[in-house]
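Input: a single structure, listed below in structure tokens.
The values are calculated or read from the model by the stated rules, or taken from the named source; none is laboratory data. Since we're looking at a predicted model, the values are computed, not measured. Every residue, glycine as well, gets a Cβ built from its backbone with ideal geometry; the counts of neighbours run over all protein chains shown. Protein only, heavy atoms only, side chains kept; ligands, DNA and RNA dropped before computing areas. Shrake-Rupley method; radii C 1.70, N 1.55, O 1.52, S 1.80 Å.
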Amino acid sequence: MLVAVLAVIGALVVVVAGISVLFAAAGWNHDPGPAGTPAGTPQHTATDRQEGTTPTALLPGRRQDIAPGPRGDVEITRCTVNSSTDWAEADLLVTNRSSKTSSYWVQVEFVDSSGTRLGDAFTTVPDLAPGQRAKATAQGLDTITAKITCRLTDVTRYAS
């Protein structure tokens, strides 16, 4: 069992590395966020393992503060620790606000109440038409037993 889990983790690392190299080599559209803030303003959603999801920055009707570029196309809708695996999960809603069919690469980090990074995850959303929305989940692989906050750390959008 342990060998199978390690093999899956190893395969995921290879896939992530390969995709990262492709993104870097192609020079796809990357939005670093507003000037002076390399990663832009992080989007946060907190959760308590025992009590469920508690949004801290995403309240219903607060989408007037949409970030410019690809970062504004992604909303964290839920942040939790899976009770079966103890792995963090961030549910996302991606809306293509560009004029071209686009694919997305989204990175999320999971931090505790002191801001210490406990893990991270990524997901992709392929071939989203202009105006189209899609749900996705970024699944971490680190065992987490604390209350967490999910933050967007990187959003890359490229025409597909």
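Assorted remarks:
- Spatial separation of Cα centroids for segment 113-160 and segment 75-107, in angstrom: 5 Å
- The local environment of THR137, defined by Cβ-Cβ distances under 9 Å, has a net charge of 0 under the rule Lys, Arg +1 and Asp, Glu -1.
- Heavy atoms of the protein chains alone define the surface here; on that basis segment 82-139 has 48 Å² accessible area per residue at 1.4 Å probe size.
- Potential lengthening between THR143 and ASP112 on full extension [0.36 nm per residue; Cα-Cα distance subtracted]: 9.9 nm
- With only the Cα atoms considered, segment 61-160 has a convex hull volume of 101 Å³ per residue.
- Percent of Cα-Cα distances greater than 18 Å, calculated over segment 112-160: 43 percent
- Spin-label pair LYS135/ALA159, simplified geometry with 7 Å Cα→Cβ offset, distance in nm: 3.2 nm
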